[in-house]
Each structure stands twice: as C-alpha cells, then as structure tokens.
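What follows is a single structure, written as structure tokens, with notes after it.
The values are calculated or read from the model by the stated rules, or taken from the named source; none is laboratory data. Since the structure is predicted, the reported quantities are computational estimates derived from the model, not experimental observations. Glycine also receives a Cβ, built like all others from the backbone with ideal geometry; neighbour counts cover every protein chain displayed.
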Amino acid sequence: MDEYVVLCFDALRIALPLSVVERVIRAVYVTPLPGAPAIVSGVANLQGRVIPVVNMRRRFRLPEREMALTDRLVIAHTAQRPVALVADSVNGVLEHAGPDRVDAETILPDLEYVEGVVKLDDGLILIHDLDRFLSLDEAEALDRAMAAAEDR
C-alpha cells in the first residue's frame, strides 16, 4: 500500500510520497532570495534551518496569489536538499493500492515533475516527483543563491 500526502491548489491536487515529507506547518515569513530560480519564493528559517520555499503554483502554471496565513508549508526532502512547498491546504494522507494508479509515461511521455496519476471517485491526483521538480539549471541557480546568502 502506497501512502501519499495530498496538497491542494484550487482544484488541483498533488500527492507526495509520505516517505519524503518531514512535516506540515503553518505558513511563515519568507525572506526573498536574490538569484534564486523563479519557482523559489525565498527562504524560511525553520527551527534554525534555512530552507528554500518553493512556489508550487508557479511550477504547475497556476494563477499566482499572495501567500495567506491559512496556507501550509510542506517540509519535504529531495535527494539534494530539504525544501518547503507552499500549498493552499493539505488534505492529509491518502493510502492507495491497486489498479487506479497510472504511470505518467502512459499518459504523456516526458511529463515533467509527475510520476503518475491516482484515479479516485472525486477526480485525479497527480503524483509529484520531488527529485525532478527542479531542472539542472534551477538546481544550480538555487545552490549559488543559497551559498551567497550563507556568505552574507
């Protein structure tokens, strides 16, 4: 049985494997990070750790909006670093097994950031691949921006 944390953005639902999610917290102040890729809103100090905050609305080309106090930050881990993902809300954990999961390759080859889709009675949930959500250029730009911020 696979377990996913479900993040909501308007009508779009994105699932992350529970194994990559550390925790979910309320939105906090985000400090801009000069030189960071466009999908990075800035950084947040989370219990002494400075973590890049990713605007998932930009990644999935959804309408922009200001961060609200009701938004959530999902602290998750990629292969390279921890990240905080801004979500409108979090729907909890989805336990899923079986034939209602479709690999992204069968839907649309080269679909970036998405490894599959879960079909539910009330719609679809995209399974997000955190290790592919930053392009190589974006990852390098983020590394440079984080290093420059640490030097200040």
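Applying a threshold of 8 Å to beta carbon distances and a minimum spacing of six or more residues, or different chains, the list of pairs starting in the stretch 61-78 at a residue that is free of Cβ contacts under 8 Å to residues at least 40 places away in the same chain and ending at one that is outside any strand (DSSP E or B) reads E64/R57; E64/R58; R65/R57.
Has the stretch 17-34 got at least one residue that is over 18 Å from E138 (Cα atoms), part of a loop (DSSP other than H, G, I, E, B), at pLDDT 85 or above and of a type in the set (G, A, S)?
Of the residues in the stretch 17-34, the ones over 18 Å from E138 (Cα atoms) are 17-31.
Applying the additional criterion that residues be part of a loop (DSSP other than H, G, I, E, B) yields 27-30.
Adding the requirement that they be at pLDDT 85 or above leaves 27-30.
Within this subset, residues satisfying the condition of being of a type in the set (G, A, S) are 27.
Looking for residues that are over 18 Å from E138 (Cα atoms), part of a loop (DSSP other than H, G, I, E, B), at pLDDT 85 or above and of a type in the set (G, A, S), one finds at least one in the stretch 17-34, hence yes.
Hey, any hits in the stretch 52-59 for a residue that's surrounded by fewer than 13 Cβ atoms within 10 Å (Cβ to Cβ) and among the charged types (D, E, K, R)? Scanning the stretch 52-59 turns up no residue that is surrounded by fewer than 13 Cβ atoms within 10 Å (Cβ to Cβ) and among the charged types (D, E, K, R). Per this entry, P63 is counted among residues that are surrounded by fewer than 15 Cβ atoms within 10 Å (Cβ to Cβ) and either of a type in the set (F, W, Y) or on the phi < 0 side of the Ramachandran plot (or both).
For (1) modelled with pLDDT of 75 or more; (2) in contact with a His (Cβ under 7 Å, 6 or more places away or on another chain); (3) exposed (fewer than 14 other Cβ atoms within 10 Å of the Cβ), each residue gets a yes or a no:
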{"position": "A87", "(1), (2), (3)": "yes, no, no"}
{"position": "V90", "(1), (2), (3)": "yes, no, no"}
{"position": "E95", "(1), (2), (3)": "yes, no, yes"}
{"position": "P99", "(1), (2), (3)": "no, no, yes"}
{"position": "V102", "(1), (2), (3)": "no, no, no"}
{"position": "I107", "(1), (2), (3)": "no, no, yes"}
{"position": "V114", "(1), (2), (3)": "no, yes, no"}
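Would you check if T70 is closer than 18 Å to D131 by Cβ and of a type in the set (S, T, Y)? Taking the combined requirement at face value, the residue does not satisfy it.
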